[in-house]
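Novice: Before anything else, here's the structure in question.
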Amino acid sequence: MKKENEVGHYYGMKIEDLIPILDSIGDGIFIDDASGYALWINKACEDLYRITREEVLGKHCTYLENMAIFSPSVAKQVMEEKKEVSILHQNRDGKRLLTTGIPIFDDAGALSKIITTSHDITELVDLQNKLEKMQNVLQDLKASEGKIYEEIIANNPLMYNVIQMVERLALVDTTVLITGESGSGKGVIAKLLHQIGDRKDAPFVRINCGAIPENLLESELFGYERGAFTGSNKEGKMGLFEVGQNGTIFLDEISELPLNLQVKILQVIQEKEIQRVGGLTGIPVNVRIISATNKNLEKMVKEGRFREDLFYRLNVVPLNIPPLRDRPEDIIPMVRSFLQKDNLKYNEAKMIDAAAMSILLRYPWPGNIRELQNIIERLVITTKDNMIRPENLPDFINRYENPLDLSEINLESNSGLHRALDAAEKQILLSAFAKHKTTRAMAKELRISQATVVRKMAKHGIA
């Protein structure tokens, strides 16, 4: 009979001979004898359970379970059931572990050893929970009548965080400033805020501050009394703020609002009333104000082009929409969604092949979602057969697929492969640097880490 602390022999080799290998494995490994006494554990097991070998060797699995070191004891369950057992549990640090106990039988069929492995699946479970939560939220939202979640694709964590914030902001009646590049979906988010809030049954009035001539903007916003100015309606006119009573006023491109009207918007927010052009009395208004801009309002405040007091009134809760280039996970489902809509619109059955999709994924989309949507519609209209291929894409997108010009690399015939590769690497870095100027953007294009870009630039003396 083997001694209690002897691990044993397998295929003519002692397990002790394999200890360096077993200690290098990231999963925890625990070996018990047939009676449930601990024979050996590896270093990963010590780390996972915050124990030392000296603490557990020779101890029975029931004792270790009672001491809450292994809770529950998988080895104990294997001894009782004489079969492989897997459980999900937590260690004393709260980490989620997948632990599997495997019985080892001798030639006579009797239990000889119990090998238990523990794998830390905390990160995997967290990611799965986040994914399930995201899917459940989106499914619930898409199933809600009258809501517009079906217009929003949020596989990307940044965009998913925006959706979560929108849900919270919909419950309070505060002003919100939505920022983001042109075409990133600020208007869709503003409408979503309205449609899932308490004001959803009242009007949603969108006002593009940059599209209405300055001389007409005040009367459009606040209306005018009869005879207020030459050519005006004899009966007067209700302004957009009155049209939106009890609803939401969305001031798009708020940065284009003239300074004199910025004062009046500030008064509306503070006093909750408007005054028509030519009017003498205030008219109470109950509206929620959401504004949006693709400009840097803080910079405009410093330059004197935007009122500081209005900026702080509008920017109670800022909401930034990430650009499409930072949402690569959303591009493929967006392409499919736009294809489906445009195929239906134009009675087509267009699809896109993998090579063309790969090019679309690499393109930086300076026009964001609006640009992608327009490109897909163009492709549905102009592509002759039903498969959209790289040659069908616009030239400026195809050119971006091969952004690095290596034609200027000068390789001497006798330089050797190593020096030739160094020269090519340096030219690639110089070309990428000339185009992007930042190591982060270079890394993204070259598909390597930023640290690698910095190291290689230093190697080639590129400052």
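Novice: Between LEU88 and ILE19, what FRET efficiency follows from the Cβ-Cβ distance if R0 is 22 Å, with the result rounded to 0.05?
Specialist: 0.20
Novice: Over 32 Å between C-alpha atoms is what I'm after, so list which of LYS186/LYS350; LYS345/LYS444; LYS299/LYS456; LYS272/LYS295; LYS186/LYS302; LYS302/LYS426 land there.
Specialist: Table pairs above 32 Å Cα-Cα are LYS345/LYS444; LYS299/LYS456; LYS302/LYS426.
Novice: Still on this structure: Cα centroids of the stretch 171-205 and the stretch 20-46: how far apart, whole angstrom?
Specialist: Result: 57 Å between the Cα centres.
Novice: Fewest to most neighbouring Cβ within 10 Å: what's the order for TRP40, TRP365?
Specialist: Exposure proxy ranking, most exposed first: TRP40, TRP365.
Novice: Sort CYS45, CYS61 so that the residue with the fewest other Cβ atoms within 10 Å of its own Cβ comes first and the one with the most comes last.
Specialist: The fewest-first ordering by Cβ neighbours comes to CYS45, CYS61.
Novice: Where a ≥ b ≥ c are the square roots of the eigenvalues of the C-alpha gyration tensor, would you call the stretch 327-397 rounded, which needs a/c under 1.5, or, failing that, prolate if a/b is larger than b/c, or oblate?
Specialist: In terms of gyration-tensor shape, prolate.
Novice: Answer rounded, prolate or oblate for the stretch 9-120, using the Cα gyration tensor with square roots of eigenvalues a ≥ b ≥ c: rounded when a/c is under 1.5, else prolate when a/b is larger than b/c, else oblate.
Specialist: Cα axes put the stretch 9-120 in the oblate bin.
Novice: Counting other Cβ atoms within 10 Å, keep those with at most 16, restrict to DSSP loop, and tell me which GluC sites (Glu not before Pro) in the stretch 34-119 are left.
Specialist: Filter output for the stretch 34-119: GLU84.
Novice: Right, here's the next one. Evaluate the charge dipole of the stretch 304-378 about its Cα centre and quote only its size in Debye, nearest 20, assuming +1 on the Cβ of each Lys and Arg and -1 on the Cβ of each Asp and Glu.
Specialist: Rounded to the nearest 20 debye, it is 160 debye.
Novice: Neighbour counts of other C-beta atoms within 10 Å: give me LEU361, LEU314, LEU429 arranged from fewest to most.
Specialist: Ranking LEU361, LEU314, LEU429 by Cβ neighbours within 10 Å, fewest first, gives LEU361, LEU429, LEU314.
Novice: Rank LEU344, ASN296, ILE274 by how far each Cα sits towards the positive end of the charge dipole of the stretch 219-357 (+1 on Lys, Arg Cβ; -1 on Asp, Glu Cβ) and give me just the farthest.
Specialist: Value computed over the given set: ILE274.
Novice: What FRET efficiency comes out for the pair MET300/LEU98, r = Cβ-Cβ distance, R0 = 56 Å, nearest 0.05?
Specialist: Calculated transfer efficiency: 0.55.
Novice: Still on this structure, please answer the following. Find out how many positive minus negative residues lie around THR383, taking Lys and Arg as positive, Asp and Glu as negative, among other residues whose Cβ is under 13 Å from that of THR383.
Specialist: Charge balance near THR383 sits at -2.
Novice: Taking the Cα centroid of the stretch 80-98 and of the stretch 55-76, what is the distance between the two, rounded to the nearest whole Å?
Specialist: With the stretch 80-98 and the stretch 55-76 each reduced to a Cα centre, they are spaced 12 Å.
Novice: With each pseudo-label sitting 7 Å past Cα toward Cβ, what's the VAL243-ASN315 distance in nm, one decimal?
Specialist: Once both label points are built, they end up 3.0 nm from each other.
Novice: Multiply the residue gap between TYR63 and ASP395 by 0.36 nm, knock off their C-alpha separation, and tell me the result in nm, one decimal place.
Specialist: Result: 112.3 nm gained on full extension.
Novice: Given R₀ = 51 Å, FRET efficiency for LEU430-ILE212 by Cβ-Cβ distance, to 0.05?
Specialist: 0.60
We did not get these values from a lab; they are worked out from the coordinates using the rules stated. Computed from a predicted model, the values in this text were never measured in an experiment. Using ideal geometry, Cβ is built from the backbone for each residue, glycine included, and neighbour counts are taken over all protein chains shown.
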